[in-house]
Each structure stands twice: as C-alpha cells, then as structure tokens.
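As structure tokens, the structure follows; a few thoughts come after it.
The values are calculated or read from the model by the stated rules, or taken from the named source; none is laboratory data. Fair warning: this is a prediction, and the values are worked out from it, not measured in the lab. All Cβ positions, even for glycine, are placed from backbone atoms using ideal geometry, and neighbour counts span all protein chains on display. We work out accessible area using only protein heavy atoms, side chains counted, and drop any ligands, DNA or RNA first. Shrake-Rupley method; radii C 1.70, N 1.55, O 1.52, S 1.80 Å.
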Amino acid sequence: MASYQLIKEAGEDGTLDLQRKDCTLHVEGCNGDVESALQKIYPSSPLSRSGSDTGANGATSPSGRLVSLDVFRGLTVVLMILVDDAGGILPAINHSPWNGLTLADVVMPFFLFMVGVSLALVYKNMSSRAAASKKAIFRALKLLIFGVFLQGGYFHGINNLTYGVDMDLIRWMGILQRIAVAYLVAAMCEIWLRNDEKVNSGLSLLKKYKWHWIMMLMLTTIYMLLLYGLFVPDWEYQIPIGAPSEEAKIFTVKCGVHGDTGPACNAAGMIDRMILGVKHLYRRPIYARTKQCSINSPDYGPLPTNAPSWCQAPFDPEGILSTVMAIVTCLIGLQFGHIIVHFKDHRNRLLLWLAPSSAFVVLGVLCDIFGMHINKALYSVSYTCVTSGLAGLLLATIYLVVDVYGCRRFALVLEWMGMHALLIYILVACNILPLILQGFYWRDPSNNILSLVGIRKQT
C-alpha cells in the first residue's frame, strides 16, 4: 500500500471531495502507482484513465496489448488489398507513377511504422541483450528468406501453374526483405542504443533515446549525399532480360549527371544496377505508367511512338538506397512506441503523438514545395516525413476512438486482421491463396475457381 498527498480528499464513497483542500489517499494493490489514485479525481472522463486499463469503457485486450495497434495494422492490410485489387480499375488510388502521393503509397510506410511501434513494446524489458539480439537476427533472416522465396520469381503468377526461378534472374529485393532489414536495424538500436535515464517528460524521452535520433540523422544524411552527390553515367540494358545478346535488343540511356531524381538517371537505380545487377531488379517499373511511357497513363499501356529509351528498363522500388530511408520510418515508429511504454496517461500519449506527427507532415510538404519531391519509388526525405506524420496522426485517431472511448465492436474485423497481418499479406498480396485455389481445376487448367469468379489477373 502506498500513500500520496493530494490537493483534494477522498470521500466515503471512494471518490474525491472537491470541496476539501488536502488529504492523504491510500492506494492498495497498485504497486505505488499514483496514476491509479489520480483517476478518482475524474472517474467519468476517459482521457483521465490510464492506457493500460481494462475496464468496460477501455479497449485494451485481456492480454494487455493495445487494441488500436492491431486495428491500425488491420486497416493497413485492408488498404493493401484494396489498392492491389482495385488499383487497376481506379488508377487514382494506385501507386503514383513517379512523384506524388496516393492511397497505395502509404501502405508500405504504415507497415514499417508499426514494426517500429511494436519493437518498443517487445523490448521494453530485456533480461539479456545478447539473447534479444540473437532472436532479432533470427526473425529478420526468416523474413528475408520468405521474401526471396515469395517475391524472387519462384512463383509465376495467377493463371500459370508452373514454378521455379533461374538464379541468374532472381529478384533479391522486395517488400518482406525491406521489412526484414528495417526491423533488424531498429531492433539493434532498441537493444543497444539506449541509456538508463528515467523518463518523466518529452525532453527526458529525447535524452534517453538520443542515439536513435542521431542514427536517423546519420542515415538521412548518407541517403541525401548519395542521391544528390553521386555521378550517374550512361548505361545500357537489354530486352528481353536474360536473353542471349544476339537475340536481345540493346537500349542505351543517356545520363552523365549529378543529383537527378527522375526515373532514368537517379543514383538509387545506379546503385542497384551496380551491386545487384540489372537482371535482378523488378521488371515492371512504376515509371512505365508515366505519360512518357504509357498512352493509358496513369495506368500501364502501350508505349507512345516517341517513348524514351528508359521506359522498359528494370527498376526496383525496394532497392538498396531507398531502404535506407525505410529504416528511418521504422525508427520513427519506434519513438512513437516509446511513448506507449513510458507514458500511461491518455492525454500525454495523444499530445506526444500529435505534435511530432503534425511537424513531420508540415516538414515533408515544405520539402516537396522547395524541390525535394514526395516520391515513393526513391523513398525521398519528404515522402518519409509526410507518411510518418500521417501514420502518427492515424495512430492517434484510432487510439482515441478504440482505446480511449472504447468503440471496439466496429473494429473487431480489423483487429483480427491486424493480429494476423503477416499471414494475410503472404496469402493475399503474394498471391499464395490464389495460386493454391487455381491448382484445383476441371479438365483444363483454365477451368478453376479463380476463372469462375472472374479473377484472371496476371502478375
């Protein structure tokens, strides 16, 4: 039992008498937690309750996990399915052909943001840093292997029952691979780069995790130096990829520039071509939907008569340089998770989320206005800021609705999807479920369940 000197006194009914000036309140079963005592001041206000409450008005699950985090992940999964299936019908919600931001463009950073948030909760109590590091490395390797297997070209898409990949043409990078790298770096930062300073304010929170912010600044600086400082020479590629040279058509792309952020001559593409090799990159580049490369822009379509030479060139949207800023997104999410760990009051959490989120959005918009365009394919600094800010604002909104005011029933499906986000991603976004279903056909492979419901998408 602990005692706290308060400015008001507890009445006989257990609430506080607002007419008295001082009292000593005895708190039992709270391990000296003053927040449980302070809740008696305004028992009817949801914002005065702790974020770890599990009452009828709260929405924390019996396991102690915040429901809003699962709902956020579930909503991101729904967005992913929506833009994947409806993006071809509504190109406006599909990925932006180059510069700009659409609904589809927020899915990846939202996933990375939530990976960071979750890491703060996973590693808030560690018995051994070495053991935690081994687990993080093992999990990252599993994601990496899954990614190469599912997105490296082993499966040949819907309406194709063959499988297998030429190792000379395998795609090394991908969405799961990017998440694996970002997860590993963020986990190592959380495990090794924090001090023992106690947190009782926003400033002390910054001091405790100052090395995380230094890491973010270093990664951003490295990214900008490489993107704007490297010289990009002329380069070549052939169509079809991997064909003998005598059977292929060679295209030459004229560059010879520094700091170009267009589709053809950016440093991100050059780094991938040099390190990974042009044959190991994504062969359906997003810039093939630009006006220069498609008569159906912003959708894919036939090449215009005067299309530039780079329109059919492979380009990986999950490349090496852009993954550097993806790590920054994950680290930003990690800081939002720290707020959950160190602050239990709803008001404090919301204020500490809303302030930096708004600042990130404003900073990203300003960067875009002054020429550092929002670009998902390059994962530009402005794109990182805007999407991280939007993720923070969305998290705060869901938290207010679900965890503070307890409106959980309408979000039960999203909560379930969020708890199984990786499984749903593998089954749906990686086309594993459609591939399984199309394996059962009647006499002819084209007579399968997918064709019956009208699904004939080629990936």
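Among the listed residues Gly202, Gly229, identify the single one that is open to solvent by 40 Å² or more (accessible area, probe 1.4 Å) and touching a residue at least 24 places away in the same chain (Cβ under 8 Å).
Within the list Gly202, Gly229, the selection yields Gly229.
Hey, could you check the range 274-294 for residues that are hydroxyl-bearing (Ser, Thr, Tyr) and in a loop (DSSP other than H, G, I, E, B) and say which is surrounded by the fewest Cβ atoms within 10 Å (Cβ to Cβ)?
Tyr282
Does Ser380 fit the bill of being among the hydroxyl-bearing types (Ser, Thr, Tyr), over 27 Å from Phe146 (Cβ atoms), at pLDDT 95 or above and touching a Ser or Thr at 6+ places or on another chain (Cβ under 9 Å)?
Judged against the criteria, Ser380 is a match.
Taking the range 166-197 only, how many residues are part of a helix (DSSP H, G or I) and either hydrophobic (A, V, I, L, M, F, W, C) or at pLDDT below 90 (or both)?
Selection size over the range 166-197: 14.
Identify all residues within the range 392-432 that are more than 25 Å from Ala355 (Cβ to Cβ) and either of a type in the set (Ser, Thr, Tyr) or touching a Cys at 6+ places or on another chain (Cβ under 6 Å) (or both); write none if there are none.
The one that is more than 25 Å from Ala355 (Cβ to Cβ) and either of a type in the set (Ser, Thr, Tyr) or touching a Cys at 6+ places or on another chain (Cβ under 6 Å) (or both): Tyr425.
Out of Leu103, Leu119, Leu79, I need the residue that is closer than 23 Å to Met325 by Cβ and surrounded by 18 or more Cβ atoms within 10 Å (Cβ to Cβ). Which one?
Exactly one of Leu103, Leu119, Leu79 is closer than 23 Å to Met325 by Cβ and surrounded by 18 or more Cβ atoms within 10 Å (Cβ to Cβ), namely Leu119.
Within the range 218-234, can one find any residue that is farther than 30 Å from Gly259 by Cβ and among the acidic types (Asp, Glu)?
No: zero hits.
Only one of Val83, Val107, Val117 is within 21 Å of Ala411 (Cα to Cα), modelled with pLDDT of 95 or more, β-branched (Val, Ile, Thr) and outside any loop (DSSP other than H, G, I, E, B). Can you tell me which?
Every option except Val117 fails the conditions.
Does Asp84 satisfy the criteria of being among the acidic types (Asp, Glu), open to solvent by 50 Å² or more (accessible area, probe 1.4 Å) and either out of contact with any Asp or Glu (no Cβ under 7 Å at 6 or more places or on another chain) or in contact (Cβ under 8 Å) with a residue 12 or more places away in the chain (or both)?
yes
Restrict the check to the range 295-308 and report whether at least one residue is within 17 Å of Val148 (Cα to Cα) and open to solvent by less than 30 Å² (accessible area, probe 1.4 Å).
Looking for residues that are within 17 Å of Val148 (Cα to Cα) and open to solvent by less than 30 Å² (accessible area, probe 1.4 Å), one finds none in the range 295-308, hence no.
Within the group Leu350, Leu354, Leu366, which residue is over 21 Å from the mean Cα position of the chain (by Cα) and at pLDDT 95 or above?
Leu366
Tell me the residue from Leu334, Leu350, Leu395 that is surrounded by fewer than 22 Cβ atoms within 10 Å (Cβ to Cβ) and assigned to a helix (DSSP H, G or I), please.
One residue alone meets the criteria, Leu350.
For the range 410-422, name all the residues that are open to solvent by 60 Å² or more (accessible area, probe 1.4 Å) and either closer than 14 Å to Ile175 by Cα or in contact with a helix residue (DSSP H, G or I) (Cβ under 6 Å, 6 or more places away or on another chain) (or both).
If the condition is that a residue be open to solvent by 60 Å² or more (accessible area, probe 1.4 Å) and either closer than 14 Å to Ile175 by Cα or in contact with a helix residue (DSSP H, G or I) (Cβ under 6 Å, 6 or more places away or on another chain) (or both), then Met419, Leu422 are the ones that fit.
For every residue, the table says whether it meets (1) in a strand (DSSP E or B); (2) β-branched (Val, Ile, Thr); (3) in contact with a helix residue (DSSP H, G or I) (Cβ under 7 Å, 6 or more places away or on another chain); (4) closer than 23 Å to Cys311 by Cβ.
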{"position": "Val199", "(1), (2), (3), (4)": "no, yes, yes, no"}
{"position": "Met215", "(1), (2), (3), (4)": "no, no, yes, no"}
{"position": "Tyr223", "(1), (2), (3), (4)": "no, no, yes, no"}
{"position": "Leu227", "(1), (2), (3), (4)": "no, no, yes, yes"}
{"position": "Gln238", "(1), (2), (3), (4)": "yes, no, no, yes"}
{"position": "Gly242", "(1), (2), (3), (4)": "no, no, yes, yes"}
